[in-house]
Amino acid sequence: MSGPAGIPSAGVSEEELAHIAHLARLALDPREVPRLREELARILALVDEMNAIDTADLSPMAHPVETAQRLRRDEVGEEDRRELLQQGAPEVEDGLYLVPRVVD
Amino acid sequence: MHHLSIRQLKEALLARDFSCEELARSHLERLVRIGAELNCLVSLTEEQALAEAREADRRLIRGDCPALNGIPVVHKDVFCTRGVRTSCGSRMLDNFVAPYDATVVERARRQGMVMLGKANMDEFAMGSSNENSFYGPVRNPWDRERVPGGSSGGSAAAVAARLVPAATGTDTGGSVRQPAALCGVTGIKPTYGRVSRYGLVAYASSLDQAGVFARSVEDAAFVLEAIAGYDERDSTSVDRPVENYVSALEEDAGPLRIGVAREFFGSGLDPAVGDAIEEALSHFERHGAGRRDISIPSLELAIPAYYVVAPAECSSNLSRYDGVRYGYRSAGARDIETLYKKSRSEGFGAEVKRRILVGTYALSSGYYDAYYLKAQKIRRLISAELREALREVDVIVGPTSPFTAFRLGERAGDPVTMYRCDVYTTAVNLAGLPAISLPAGFVHGLPVGLQIIGDHFSEARLLQIAHRFQSTSDWHQRVPAGCE
Amino acid sequence: MDTSRWEAVIGLELHAQLATRSKIFSGAPTGYGAPPNRQACAVDLGLPGVLPVLNGTALSMAVKFGLAVGATVARHSVFARKNYFYPDLPKGYQISQYELPIVEGGAVHISTEGASRRVGITRAHLEEDAGKSVHDVVSGRSAIDLNRAGIPLLEIVSEPDMRSAAEAVAYMQEVHAIVRYLEICDGNMQEGSFRCDANVSVRRRGEHALGTRTELKNLNSFRFVERAIRHEIDRQIAVLESGGTVVQQTRHYDAERNDTRPLRDKEEANDYRYFPDPDLLPVEIDDAFVESIRSALPELPGDRRRRFVADYGLGLDEARLLTSDRHLANYFEATLGDEGADPRLAAHWVTGELGAHLNREGRDISASPVSPEMMQGLLRRLRDGTVSGPVAKEVLKAMWDGEGDADHVIEGRGLRQVNDDDALSRLVDDVLDAHPDQVSQFRSGRQKVLGYLVGQAMKASRGKANPQRVNALMRARLTE
């Protein structure tokens, strides 16, 4: 495991894999878990090559072209296109999207 | 007529040598015949194409022709097309029809281009071989047992096989340049922000940029000029006038200083490819360019940084595919969690899921600093080194891909082996630079791509330099067997 | 349970819906109550390929708030994605601000029962609202309406500076008044335009460390905020007094049962994986922009309240009531145009009788059929003795019903007060003649009947007689 200390990764434990799969809402077939862990370990080992250099003095760069956000005028420019937008919806009734009941 | 350049096509259409409809029909016929063998399209939009071509003919008669009136084009299936399925090469969007056109699609149409179909691609633009498509792999026209590269493999293969004069693609880590190299065509990835991302299905938003495949630099310049420009619907598009790329090609480029970075010629490079690139560099020198050896020390960190940043953004960008409002929904889920998990697990392919997992991990509590933040810092370093170098030289030149087209399945077994394909391309995306890949030789009958990297918004200059190369070489005029 | 040994520590997270015409990142409209999903465009629905563009007015509104509470307005702020799955969250992430919010620091001042307190504001940030899930309209299904998705919110996070439910409400009311003064939020709590989550903990008096807190949700009125917090404080004290421990959790307030209950425990702690939104660039604003907003700031409720007390001699409660709404305060001040205007009288009539009319019809002061000029005319006639209080009520009612201004009503209805002593003496005589029993009672010492007799005289004059003169004349006649 690599933590903030930047120690090379030994990969992702089964529990961690289950946790991130849950965060990402992906179901894992138990049969694919060993192979997936192996692949993730290899990917993380590749990624850990980053630890070759000290980045303490660098500021992160989130955008390649560093300009400022442009502002939109507060105008309504979208008309109602509900029927068109819902044409491919899996389940709709009375204009509402339906899903299995969500328990709060 | 499938060998004519865009300039020649424009002239022929104006001279009424053939109609736009005839041009479209001729290309559609080849797309059906050869395109099916290559599996380069996921949708052929024959009826719409013919209707658009007839409309282009009417404009021709009326005498109000936009720049690319009647010129056929294929759009990568990552661009939303109103009324035509946009699948992104994924089961998730197999049934998705966008109610809007991507800006790229809209601008191409406004310039008179006739869309013949949507090109096959790696699922959600994740891949370097086009083997990750829900619709099956694309085959390389130079050798059908080999990959065309990815992720815009369908676009590259279609242009290489002379099925269409130009095609659009997207380049997040090399997805225009690498398939252009492997298929022996010209591919340009503009500066980040030069072409609108509106309607381009996002993979990694801070890296994605639309690009163009064509058979020559001049053809690419025509199409880039049509699709580039500021778009108020994309906050990251840059409000800056678009240069006249086509007319700039003939302008005197002046003295040229090319930078050759030793990191582009490391141990991973196939020596035969390296020889071809050296020959291309000599070609530049023979034609008056000055050569300067430079170094981009952090280049080797581009792949690690890219494979954190891109998956991190992808893990978030792809959260919208949840089976609720559109796209694939798994049948019979009794609760919302099951609905999410089954829909996403069944709707996404293996590579997409891997990247979502890696990205989720890189952003998760406790790992954010070590992965995501670290990668963005390295991005700063790589960007600074490249831009620093570009103050010394006009362009940086090197190979696009460390090797020529590989066999189907050859690299599919291990994700990291596949990721290494992008060793020379991802740095450009991290820094948001424009770059072009040109055919620059052959190794065992397979094309070699030469990459030319410029500073931000130097597209006109890049195209000029590339055009100068093509004016004195003929690698780009070679045609794969069976596609004559 | 000995509550005096414990001290509550309360912080609030307020969500103010910003009163823009279009959404924060799309051009869809923001009106309330549209049919489901008719105000949800491709961006709000999170369709593939569409992109957010920031609404400039939403940004200006956030800056306005920051300046109003004396906060630092960040010249460089960043939008981030908060990642989680929920059916009413279309993209699987909410665009919010995390590390670099637009507003940091600042404070509002509140006073309760004479004591005043400064409540610090930690930060205020812009974010998009989620949609709405409706359960069981269709059996066994949840139905998703995304009209609300993308409506701009300003989340205002306070420091844990409040020590009682009453202070929490006072703080919330103060912020409510501020956002309405600034006209950046309509403040309508029924429609969810102004919402509150409360973080509540208790500790032994004198201790500095904070206790474990719970987060209360669904507090959609000032009354519920007060009741829910009071209830939660009592619950936590009871838990601690009985030797238990408070569990850090989110609790939902049930107004009908006046009770809080924990929300279903999530199987794992949320990990929102915040990171800068790559679709949006950093927001850069310059001093000129900030100054242009600062120069257009209205007088704020706190300042105005203090001025009303100092300049007009109003009581604090009355001043607070009048300044709770900018339009009400404007109305009140507009009635004071006269030479010799009496602010306390005006305040009494604006908050009292006019307030009653407004409440009865559920109208806002700006929709009052009685204009400030009309009210001013009535107050003038009250002061100069043309009408008495009871008659003035009748005049106000007539004005409310559209009979014209005060003078018109007084003349038309013949309501001018009778001050002429001759006429009043005749009136008094008539009343005394008609009530011999009460007269003899008064003279035998039951002075209380005087009131009854004055009342009879007022009644006989249909309220027009000057009550003070009637009283005086009557007492004089009875004690002759």
Q) Pick from A:THR67, A:THR55: which is touching a Lys or Arg at 6+ places or on another chain (Cβ under 6 Å) and at the interface with chain B (Cβ under 7 Å from one of its Cβ atoms)? A) A:THR55
**Q.** Enumeration of residues in region C:390-403 that are modelled with pLDDT of 90 or more and in a helix (DSSP H, G or I)
**A.** C:ALA392, C:LYS393, C:GLU394, C:VAL395, C:LEU396, C:LYS397, C:ALA398, C:MET399, C:TRP400
Q. For C:GLY243, all conditions in the list (1) surrounded by fewer than 17 Cβ atoms within 10 Å (Cβ to Cβ); (2) in contact (Cβ under 8 Å) with a residue 40 or more places away in the chain hold save one; what is the number of the exception?
A. (2)
(Q) Looking only at region B:427-446, how many residues end up being small (Gly, Ala, Ser) and closer than 23 Å to B:TYR192 by Cα? (A) 5
Q: Kindly establish whether C:ILE144 is more than 19 Å from C:ASN220 (Cβ to Cβ), of a type outside the set (Phe, Trp, Tyr) and surrounded by 20 or more Cβ atoms within 10 Å (Cβ to Cβ).
A: yes
Q: Give region B:87-112 a look and list any residue that's small (Gly, Ala, Ser) and assigned to a helix (DSSP H, G or I), or say none.
A: B:ALA108
Q) Conditions: (1) surrounded by fewer than 24 Cβ atoms within 10 Å (Cβ to Cβ); (2) in contact with a Pro (Cβ under 6 Å, 6 or more places away or on another chain). B:ARG85 meets all but one. Number of the miss? A) (2)
Q. In this structure, is B:TYR340 free of Cβ contacts under 8 Å to residues at least 40 places away in the same chain and at negative phi?
A. yes
Q) Of the residues that sit in region C:102-141 and are within 14 Å of another protein chain (Cβ to nearest Cβ) and among the polar types (S, T, N, Q), which one is farthest from C:ALA170 (Cα to Cα)? A) C:SER139
Q. So which of B:GLY327, B:GLY349, B:GLY332, B:GLY359 is within 25 Å of the chain's Cα centre (by Cα) and on the phi > 0 side of the Ramachandran plot?
A. B:GLY327
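Given region C:404-480, what helices (runs of 4 or more DSSP H) lie entirely inside it while holding 3 or more residues that are among the aliphatic types (A, V, I, L, M) and surrounded by 15 or more Cβ atoms within 10 Å (Cβ to Cβ)?
By residue number, C:406-413, C:421-434, C:449-460, C:467-478.
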Q) Out of region B:295-327, which residues are within 7 Å of another protein chain (Cβ to nearest Cβ), in contact (Cβ under 8 Å) with a residue 24 or more places away in the chain and assigned to a loop (DSSP other than H, G, I, E, B)? A) B:GLY323, B:TYR326
Q.
I'm checking my understanding of the structure. Among residues of region B:200-219 that are away from chain C (no Cβ under 14 Å) and either among the polar types (S, T, N, Q) or not in a loop (DSSP other than H, G, I, E, B) (or both), which one is surrounded by the most Cβ atoms within 10 Å (Cβ to Cβ)?
A. B:PHE213
Q: Could you list all residues from region C:35-56 that are part of a loop (DSSP other than H, G, I, E, B) and more than 8 Å from chain A (Cβ to nearest Cβ)?
A: C:GLY46, C:PRO48, C:GLY49, C:VAL50, C:LEU51, C:PRO52
Q) Out of (1) more than 13 Å from chain C (Cβ to nearest Cβ); (2) within 17 Å of B:GLY211 (Cβ to Cβ), what's the single condition that is false for B:ALA125? A) (1)
Q: Go through region B:328-369 and give me each residue that's crowded, with 20+ Cβ neighbours inside 10 Å and facing chain C (nearest Cβ under 8 Å).
A: B:ILE336, B:TYR340, B:THR360, B:LEU363, B:SER364
Q: Could you please find all residues in region B:426-453 being outside any strand (DSSP E or B) and more than 14 Å from chain A (Cβ to nearest Cβ)?
A: B:HIS444, B:GLY445
Q. Could you count how many residues in region B:291-314 are farther than 30 Å from A:ALA41 by Cβ and either touching a Phe, Trp or Tyr at 6+ places or on another chain (Cβ under 9 Å) or surrounded by 24 or more Cβ atoms within 10 Å (Cβ to Cβ) (or both)?
A. 1
Q.
One residue is enough: does region B:220-228 have a residue meeting the conditions under 13 Å from the mean Cα position of the chain (by Cα) and either assigned to a loop (DSSP other than H, G, I, E, B) or among the small types (Gly, Ala, Ser) (or both)?
A. yes
Q: Considering only region B:175-203, state which residues are at positive phi and out of contact with any Asp or Glu (no Cβ under 7 Å at 6 or more places or on another chain).
A: B:GLY184, B:GLY193
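Mind telling me which of the residues B:ALA427, B:ALA362, B:ALA440, B:ALA405 ends up being closer than 17 Å to A:VAL12 by Cβ, touching a helix residue (DSSP H, G or I) at 6+ places or on another chain (Cβ under 8 Å) and at pLDDT 95 or above?
None of the other options fit; the residue is B:ALA362.
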Q. Applying the selection to region C:57-78, what residues are within 12 Å of chain A (Cβ to nearest Cβ), in a strand (DSSP E or B) and surrounded by 21 or more Cβ atoms within 10 Å (Cβ to Cβ)?
A. C:SER77
Q | Residue list for region B:365-386, restricted to those being acidic (Asp, Glu) and touching a helix residue (DSSP H, G or I) at 6+ places or on another chain (Cβ under 9 Å) | A | B:GLU385
Q | Complete set of residues in region C:1-34 that are within 7 Å of another protein chain (Cβ to nearest Cβ), of a type outside the set (Lys, Arg) and part of a loop (DSSP other than H, G, I, E, B) | A | C:THR20, C:SER26, C:GLY27, C:ALA28
Q) Any residue at all in region C:82-99 that is farther than 26 Å from C:PRO36 by Cβ, touching a strand residue (DSSP E or B) at 6+ places or on another chain (Cβ under 9 Å) and without any contact (Cβ under 8 Å) to a residue 40 or more places away in the chain? A) yes
Q | Failed item in (1) at pLDDT 90 or above; (2) outside the structural domain of C:ALA472 (by TED's automatic domain parsing); (3) in contact with a helix residue (DSSP H, G or I) (Cβ under 6 Å, 6 or more places away or on another chain); (4) under 24 Å from C:ARG469 (Cα atoms), with C:VAL387 passing the rest | A | (1)
Q) Assuming B:SER383 fulfils every condition listed in (1) in a loop (DSSP other than H, G, I, E, B); (2) polar (S, T, N, Q); (3) without any contact (Cβ under 8 Å) to a residue 60 or more places away in the chain apart from one, which condition is it? A) (1)
(Q) Against the condition under 26 Å from B:ALA440 (Cβ atoms), surrounded by fewer than 22 Cβ atoms within 10 Å (Cβ to Cβ) and either of a type in the set (Phe, Trp, Tyr) or modelled with pLDDT of 95 or more (or both), how does B:ARG420 come out, does it pass? (A) no
Q) Only one residue in A:VAL33, A:VAL47, A:VAL76, A:VAL99 is modelled with pLDDT of 95 or more, surrounded by 14 or more Cβ atoms within 10 Å (Cβ to Cβ), more than 10 Å from chain B (Cβ to nearest Cβ) and not in a loop (DSSP other than H, G, I, E, B), so which one is that? A) A:VAL33
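The values are calculated or read from the model by the stated rules, or taken from the named source; none is laboratory data. Note that the structure is predicted; figures quoted are calculated from it, not measured. In this analysis, Cβ positions are derived from the backbone assuming ideal geometry, glycine residues included, and neighbour counts consider all displayed protein chains.
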